[in-house]
Amino acid sequence: MLTEDPLPRWASGRRVVAVGGQTNRPVDDVGLVTDEGGWVTIQAKKGMRVDRRPGGGLGEALRQLVEIYELGVPDSTTEALRPLEPDRDLVLILSDDSAPSTVNANLAPMVNRLRELPVDVPLADAAPNKSQRGAFEVLKYHLGERWKDRWAREITDTEFRRLASLLSVRALRIAEDGEDYATVRVMLRDLAGNVTAAETLWKALTPEGQRLAARA
């Protein structure tokens, strides 16, 4: 939001115009309002693994996806809640440097393809190799179980596609040797004016973010 750059495509590709934390919604860690009037709701799960544990980070985050799908997000023109719209809204599950490589190598690209999969293409085509097929089966299992918990019936392909069209997953690598750190550094350099000032800003922002998170 500070740099006025659009978010990466996996995070909606929109510009952020407002940010809130602990939003009192099912996906509540961070809520972003975009320039298209849409919402990017973020659930953070430290060290998230691609596994079938119902109480694990991925299973819990997907339960929250099912809940916010049912409840909706605030409409910018009224105080009412509206249904999530795939072309405006996104539910983003984020993990961190402690997440295994399987999150970005297998789960994230498969979810990205699934989000934009044409309706006449089989769901399984979102996973082009064995590793991503394994991630697909984990996602299918969790969404099916969480849907059954909520509605006491099996999820249909149409409902699965609708949920998947709203979902993005990524482990952010923003430690100094992480793959996303260079992107952050360039953005901060452009904002601060030079590399030294960017490093100073980063060192100030990191503990401040942790302090605010602890107070939320």
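Since every read-out is calculated from the coordinates, none of them should be taken as a lab result. Just so it is clear, the structure is predicted and the values come from calculations on it, not from any experiment. Every residue, glycine among them, receives a Cβ derived from its backbone with ideal geometry; neighbour counts consider all protein chains shown.
For the range 120-216, run through the GluC sites (Glu not before Pro) and keep only the ones in DSSP coil with at most 15 other Cβ atoms within 10 Å of their Cβ. Before the final figure, lay out each step's value.
Details: sites: E137, E145, E154, E159, E176, E179, E199, E208; in loops: E154, E176, E179.
Hits after loop and neighbour filter: E154, E176, E179.
Dipole of the range 1-118, Cα-centred, from +1 at each Lys and Arg C-beta and -1 at each Asp and Glu C-beta, to the nearest 20 debye?
Dipole of the range 1-118, to the nearest 20 debye: 500 debye.
Put +1 on the Cβ of each Lys and Arg and -1 on the Cβ of each Asp and Glu in the range 107-212; which of L139, L172, L212 then has its Cα farthest toward the positive end of the dipole?
Highest projection toward the positive end goes to L139.
Are there any trypsin sites (Lys or Arg not before Pro) in the range 136-177 that are in a DSSP loop and have at most 15 other Cβ atoms within 10 Å? List them by number.
Counting only loop positions with at most 15 other Cβ atoms within 10 Å, the trypsin sites (Lys or Arg not before Pro) in the range 136-177 are R153.
Once every DSSP H run of n ≥ 4 in the chain is given -39500 (n - 2.57) and the sum is divided by its residues, what mean residue ellipticity at 222 nm do you get, rounded to the nearest 500 deg cm²/dmol?
-13000 deg cm²/dmol
Only four residue types carry charge here, +1 at the Cβ of Lys and Arg and -1 at the Cβ of Asp and Glu. Report the dipole size of the range 75-142 about the Cα centre in Debye, rounded to the nearest 20.
It works out to roughly 360 debye.
So which GluC sites (Glu not before Pro) in the range 1-88 end up in coil per DSSP with only 14 or fewer other C-beta atoms within 10 Å?
E4, E79
Rank A61, L107, P122 by how far each Cα sits towards the positive end of the charge dipole of the range 8-122 (+1 on Lys, Arg Cβ; -1 on Asp, Glu Cβ) and give me just the farthest.
About the Cα centre, the residue reaching furthest to the positive side is L107.
Is there a quick way to get the dipole size of the chain? I mean about its Cα centre, with the Cβ of Lys and Arg at +1 and of Asp and Glu at -1; what is the value in debye to the nearest 20?
For this selection, approximately 540 debye.
With the Cα gyration tensor of the chain giving a ≥ b ≥ c as the square roots of its eigenvalues, does the rule (a/c under 1.5 for rounded; else a/b larger than b/c for prolate; else oblate) give rounded, prolate or oblate?
prolate
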